[in-house]
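Enquirer: Got a structure for you, written out below as structure tokens; questions coming shortly.
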Amino acid sequence: MTSLDATTDAARRPFPGRRARFGDLILQGTAGIAAVGALVLVGLIVWKIASGARPALHAFGLPFVWHVVWNPVHGREAYGAGSFLFGTAVTSIGALLLATPIALGVALFLSELAPGWIRGPVTALVETLAAIPSVVIGLWGILVLAPILRDHVDPALHSTIGFIPLFGPSSYGSNVFTGIVVLTIMILPIIASISRELFLTVPQELKEGALGLGVTRWEMVRGVVFPYAGGGVAAAMILGFGRAVGEAIAVALVLGDGLGIHLNLFDTGQTLGGKIALNYQGSGSGLETSSLIYLALILLVFSILVNLLAQLIVRRAARRKGLAA
Amino acid sequence: MSAVELSPLHRPQDRLRRRRVFNRGMEALAWLAAAIAVFFLGVVVWSVAQRGWSQLNLDFLTKSQVQFEPAVPQGLANAFAGSLVLVGLATAMALPFGILIAVYVNEFAPRPIRSAIGLTLDVLAGVPAIVIGFFVYGLIVVAHGQSAYAGAFALAVIMLPFVYRATVEVLALVPNSLREAGLGVGAPRWRTTLGIVLPQTIGGVLTGTTLAVARVAGETAPLLFTCSLAPNGIHWNPSGAIQSVPVAVFELSDSAEPSDHARAWAAALVLILFILVASLTARWLATRSKRKIMRAGR
């Protein structure tokens, strides 16, 4: 603990002098190195994933992204991300479509409607829902939700609105639709809690002004709250979408590990993250591992773009608000 | 007025009624949405509690897993011990690193660098956990094999943005008058920072760390490639792979054996209870520390 000795030493002097400035240099230096370390870390992640994917990039090139094939048989090896990209898109977009209206409803309820005694507990509950680990949601999804959907919901949807090709015949509980429901439960609290905080920042005088003009509460929400918080809500949706796209564990358990592109939501499927997660025991060939890392590279690039987009929206909204104030 | 026959829909009082009814409808939908969210949370927690509770006994907490021996009474003590090691190591890596970055950003960095580092950590927070697992696989596991060090490092990467954000937010709350007071009595900047400013943030940093621990304790994806192929029995040595609670839940829930499912539920219950306690602790710490900083500023 030489730094502690330096402390007392420097403090005893009337003028701290060189040693104090030396201490400044050390603190600023270590903190600065840590900060540079964060930048290096992110760079290292991109570099490591990109270099791990290189053999697959060489073998399959860009068409890997849309090829619908995953054949690890030696001698006839061929890999492509098409099926998993499709599975990821369907489950994430489906979850976003289901979760957004519910989340906005929850956020409006908590910021505008709820009586005081309900507000605190429900807010805490929604945040608890966000904290449940994905592996627990996946466990619940495969052992509780999937059988219920298989026995009751899927056949009912098929017999009533089966003319839409999305709701084809069902056979397994582990299917794309179960994945959508599981992801909805996971991203709902994210969108809801960010939107709630945004709605609370809407100035009270704007809301009261609108209500004073005689509009109903819904018209006030549509005319004042939504336009004011719109950018932030869009960012919250993007973040929720990014979370759904990157989720691996829960969907790996409930999607049934299928291959191919089909409209039927009651068929099995797989996502990018799920495919990676299920191959963790690493028995495959070098090319298969590299192809899995290629899948991770697609996820990584996508997640970086999504986050930059969300940050851009947030910053633009903040700047606009700053000018207005 | 009487010359023009108004259709009933255009009479003002009817339109007002229509607007009111529509408003009622939308309010009802918001109530419904909240009910749905609470219902799903209730169902998930209830399923876990109901199925896990009956399995929670002394054997479960003190005996470890023995694979392929269904007759032996089994527990998950090895997974509990492993999770403890993993999360502890990860916290030890992420905490000082995150605090130092926050100190640099809030106390030293010029504005453009500040926002660049903030943006970088936001991007890092958005990188899927499975990708981080694969990154550590390429960085450490390919050369040195699976180990608790590798797993803890992956968890630390996930914790880092949480710790950073929590610290930087409370650092920004510390009133400038405290910094000026420190510099005013002749203390050098580093002593002001370490001796006066940072101690004010302990509560906030603890809150952020507790939340990060709660988050990371349930993470499975980063451990699959870095610390999942563990030998039987309780191990404390981090240079080998060790079992952890989330990986155990993942493996057990993918199994066909009903007794495995029962243990998966019990492990999930332990996990949820831990996370619940951690979140409540964090909430309590947050309100306490905010009050303290406000008082110090006056």
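Enquirer: For the condition touching a Phe, Trp or Tyr at 6+ places or on another chain (Cβ under 9 Å) and either within 11 Å of another protein chain (Cβ to nearest Cβ) or open to solvent by less than 30 Å² (accessible area, probe 1.4 Å) (or both), what is the one hit in B:Ala116, B:Ala94, B:Ala28?
Expert: Only one candidate passes the filter, namely B:Ala94.
Enquirer: Which of the following residues is out of contact with any Lys or Arg (no Cβ under 9 Å at 6 or more places or on another chain), touching a residue at least 12 places away in the same chain (Cβ under 8 Å) and more than 23 Å from B:Ser64 (Cα to Cα): B:Ala230, B:Ala148, B:Ala217, B:Ala156? Give the derivation first.
Expert: Working: B:Ala230 fails: more than 23 Å from B:Ser64 (Cα to Cα); B:Ala148 fails: more than 23 Å from B:Ser64 (Cα to Cα); B:Ala217 fails: more than 23 Å from B:Ser64 (Cα to Cα).
Going through B:Ala230, B:Ala148, B:Ala217, B:Ala156 in turn, just one is out of contact with any Lys or Arg (no Cβ under 9 Å at 6 or more places or on another chain), touching a residue at least 12 places away in the same chain (Cβ under 8 Å) and more than 23 Å from B:Ser64 (Cα to Cα): B:Ala156.
Enquirer: Six or more apart or on different chains, Cβ atoms under 8 Å: show the pairs whose first residue is in segment A:84-108 and at the interface with chain B (Cβ under 9 Å from one of its Cβ atoms) and whose second is basic (Lys, Arg).
Expert: Listed pairs, sorted by first residue: A:Val106/A:Arg196; A:Ala107/A:Arg196.
Enquirer: If we scan segment A:41-55, do we find a residue that is over 28 Å from B:Ala217 (Cα atoms), facing chain B (nearest Cβ under 10 Å) and at pLDDT below 90?
Expert: Within segment A:41-55, one or more residues are over 28 Å from B:Ala217 (Cα atoms), facing chain B (nearest Cβ under 10 Å) and at pLDDT below 90.
Enquirer: Also, quick follow-up: Could you figure out which of (1) facing chain B (nearest Cβ under 9 Å); (2) aliphatic (A, V, I, L, M); (3) open to solvent by 10 Å² or more (accessible area, probe 1.4 Å) isn't true of A:Leu139?
Expert: Here A:Leu139 meets the rest and fails (3).
Enquirer: Of all helices (runs of 4 or more DSSP H) completely enclosed by segment A:104-165, which ones contain at least 1 residues that are within 19 Å of B:Arg283 (Cβ to Cβ)?
Expert: Here the list reads A:116-131.
Enquirer: What single numbered condition from (1) at pLDDT below 90; (2) part of a helix (DSSP H, G or I); (3) in contact with a Ser or Thr (Cβ under 6 Å, 6 or more places away or on another chain) fails to hold for B:Gly151?
Expert: So the condition that B:Gly151 fails would be (1).
Enquirer: Then there is this: In segment A:142-156, which residue that is surrounded by fewer than 23 Cβ atoms within 10 Å (Cβ to Cβ) and farther than 29 Å from A:Ala107 by Cα is nearest to the other protein chains (Cβ to nearest Cβ)?
Expert: This residue is A:Leu143.
Enquirer: Also, I was wondering about something else. Only one of (1) under 30 Å from B:Ala77 (Cβ atoms); (2) open to solvent by 30 Å² or more (accessible area, probe 1.4 Å); (3) free of Cβ contacts under 8 Å to residues at least 24 places away in the same chain is not met by B:Leu206, so which one is it?
Expert: (3)
Enquirer: State yes or no: is A:Trp66 open to solvent by 60 Å² or more (accessible area, probe 1.4 Å) and free of Cβ contacts under 8 Å to residues at least 12 places away in the same chain?
Expert: So A:Trp66 does not fit the description; no.
Enquirer: Exactly one of these conditions fails for A:Leu85: (1) open to solvent by 50 Å² or more (accessible area, probe 1.4 Å); (2) modelled with pLDDT under 90. Give me its number.
Expert: (2)
Enquirer: Considering only residues of segment A:266-276 that are open to solvent by less than 20 Å² (accessible area, probe 1.4 Å) and part of a loop (DSSP other than H, G, I, E, B), which is farthest from B:Leu224 (Cα to Cα)?
Expert: Filtering first and then ranking leaves A:Phe266.
Enquirer: Pick out the one residue from B:Glu180, B:Glu219 that is in a loop (DSSP other than H, G, I, E, B) and either among the acidic types (Asp, Glu) or outside the structural domain of B:Ile130 (by TED's automatic domain parsing) (or both).
Expert: Just one listed residue meets the conditions, B:Glu219.
Enquirer: Any residue at all in segment A:161-169 that's in contact with a Leu (Cβ under 8 Å, 6 or more places away or on another chain), closer than 30 Å to B:Ala221 by Cβ and either in contact (Cβ under 8 Å) with a residue 12 or more places away in the chain or in the same structural domain as A:Ala229 (by TED's automatic domain parsing) (or both)? Spell out how you get there, then give the answer.
Expert: Narrowing segment A:161-169 to residues in contact with a Leu (Cβ under 8 Å, 6 or more places away or on another chain): A:165-168.
Now restrict to residues that are closer than 30 Å to B:Ala221 by Cβ: A:166.
Narrowing the set further to residues that are either in contact (Cβ under 8 Å) with a residue 12 or more places away in the chain or in the same structural domain as A:Ala229 (by TED's automatic domain parsing) (or both) leaves A:166.
Looking through segment A:161-169, at least one residue is in contact with a Leu (Cβ under 8 Å, 6 or more places away or on another chain), closer than 30 Å to B:Ala221 by Cβ and either in contact (Cβ under 8 Å) with a residue 12 or more places away in the chain or in the same structural domain as A:Ala229 (by TED's automatic domain parsing) (or both).
So that you can scan it fast, the table gives a plain yes or no per residue for (1) at pLDDT 90 or above; (2) touching a helix residue (DSSP H, G or I) at 6+ places or on another chain (Cβ under 6 Å); (3) outside the structural domain of B:Ala148 (by TED's automatic domain parsing); (4) among the aliphatic types (A, V, I, L, M):
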position: B:Asn78; (1), (2), (3), (4): no, no, no, no
position: B:Met93; (1), (2), (3), (4): yes, yes, no, yes
position: B:Ala102; (1), (2), (3), (4): yes, yes, no, yes
position: B:Phe108; (1), (2), (3), (4): no, yes, no, no
position: B:Pro112; (1), (2), (3), (4): no, no, no, no
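Enquirer: A further question on this structure: Look at B:Val142 and say whether it is in a helix (DSSP H, G or I), surrounded by fewer than 16 Cβ atoms within 10 Å (Cβ to Cβ), more than 8 Å from every other protein chain (Cβ to nearest Cβ) and among the β-branched types (Val, Ile, Thr).
Expert: Details: in a helix (DSSP H, G or I): yes; surrounded by fewer than 16 Cβ atoms within 10 Å (Cβ to Cβ): yes; more than 8 Å from every other protein chain (Cβ to nearest Cβ): yes; among the β-branched types (Val, Ile, Thr): yes.
So B:Val142 passes the test.
Enquirer: Please determine whether any residue of segment A:168-184 is more than 14 Å from every other protein chain (Cβ to nearest Cβ), of a type in the set (A, V, I, L, M, F, W, C), open to solvent by 10 Å² or more (accessible area, probe 1.4 Å) and farther than 30 Å from A:Gly231 by Cα.
Expert: Yes, there is a match, as at least one residue in segment A:168-184 is more than 14 Å from every other protein chain (Cβ to nearest Cβ), of a type in the set (A, V, I, L, M, F, W, C), open to solvent by 10 Å² or more (accessible area, probe 1.4 Å) and farther than 30 Å from A:Gly231 by Cα.
Enquirer: May I pose another question? Any idea which of (1) of a type in the set (Val, Ile, Thr); (2) more than 30 Å from B:His144 (Cβ to Cβ); (3) in a loop (DSSP other than H, G, I, E, B) is the one B:Ile242 doesn't satisfy?
Expert: (2)
Enquirer: Can A:Thr160 be described as away from chain B (no Cβ under 11 Å), β-branched (Val, Ile, Thr) and surrounded by 24 or more Cβ atoms within 10 Å (Cβ to Cβ)?
Expert: no
Enquirer: Only one residue in A:Asn307, A:Asn279 is open to solvent by 10 Å² or more (accessible area, probe 1.4 Å) and touching an Asp or Glu at 6+ places or on another chain (Cβ under 7 Å). Which one? Break it down stepwise before answering.
Expert: On the way: A:Asn279 fails: touching an Asp or Glu at 6+ places or on another chain (Cβ under 7 Å).
Exactly one residue qualifies, and that residue is A:Asn307.
Enquirer: Go through (1) more than 10 Å from chain A (Cβ to nearest Cβ); (2) part of a helix (DSSP H, G or I) for B:Leu56 and report which single condition fails.
Expert: With (1) more than 10 Å from chain A (Cβ to nearest Cβ); (2) part of a helix (DSSP H, G or I) applied to B:Leu56, the lone miss is (2).
Each row is one residue, and each column tells you yes or no for (1) away from every other protein chain (no Cβ under 11 Å); (2) buried (at least 21 other Cβ atoms within 10 Å of the Cβ).
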position	(1), (2)
B:Leu155	yes, yes
B:Ile158	yes, yes
B:Tyr164	no, yes
B:Val174	yes, yes
B:Ser177	yes, no
B:Glu180	yes, no
B:Gly186	no, no
B:Leu194	no, no
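Enquirer: Can you name the condition, by its number, that B:Ala102 falls short on among (1) buried (at least 21 other Cβ atoms within 10 Å of the Cβ); (2) out of contact with any Gly (no Cβ under 9 Å at 6 or more places or on another chain); (3) away from every other protein chain (no Cβ under 11 Å); (4) not charged (D, E, K, R)?
Expert: (3)
Enquirer: Going through segment B:262-282 one residue at a time, which ones are without any contact (Cβ under 8 Å) to a residue 40 or more places away in the chain and either touching a Leu at 6+ places or on another chain (Cβ under 9 Å) or surrounded by 19 or more Cβ atoms within 10 Å (Cβ to Cβ) (or both)? Steps first, answer last, please.
Expert: Here is the first cut: in segment B:262-282, the ones without any contact (Cβ under 8 Å) to a residue 40 or more places away in the chain are B:264, B:273, B:276-277, B:280.
Answer for segment B:262-282, where residues must be without any contact (Cβ under 8 Å) to a residue 40 or more places away in the chain and either touching a Leu at 6+ places or on another chain (Cβ under 9 Å) or surrounded by 19 or more Cβ atoms within 10 Å (Cβ to Cβ) (or both): just B:Ala264.
Enquirer: Given (1) over 23 Å from the mean Cα position of the chain (by Cα); (2) open to solvent by less than 30 Å² (accessible area, probe 1.4 Å), where does A:Gly286 come up short, assuming only one miss?
Expert: If we test A:Gly286 against (1) over 23 Å from the mean Cα position of the chain (by Cα); (2) open to solvent by less than 30 Å² (accessible area, probe 1.4 Å), just (2) comes out false.
Enquirer: Still on this model: Which of the residues spanning segment A:227-264 are over 17 Å from A:Ala99 (Cα atoms), assigned to a helix (DSSP H, G or I) and open to solvent by 50 Å² or more (accessible area, probe 1.4 Å)?
Expert: A:Pro227, A:Tyr228
The values are calculated or read from the model by the stated rules, or taken from the named source; none is laboratory data. In this text, all values refer to a predicted model and were calculated from it rather than measured experimentally. Virtual Cβ from ideal backbone geometry, glycine too; neighbours counted across all protein chains shown. For accessibility, only protein heavy atoms count, side chains too; no ligands or nucleic acids. Shrake-Rupley method; radii C 1.70, N 1.55, O 1.52, S 1.80 Å.
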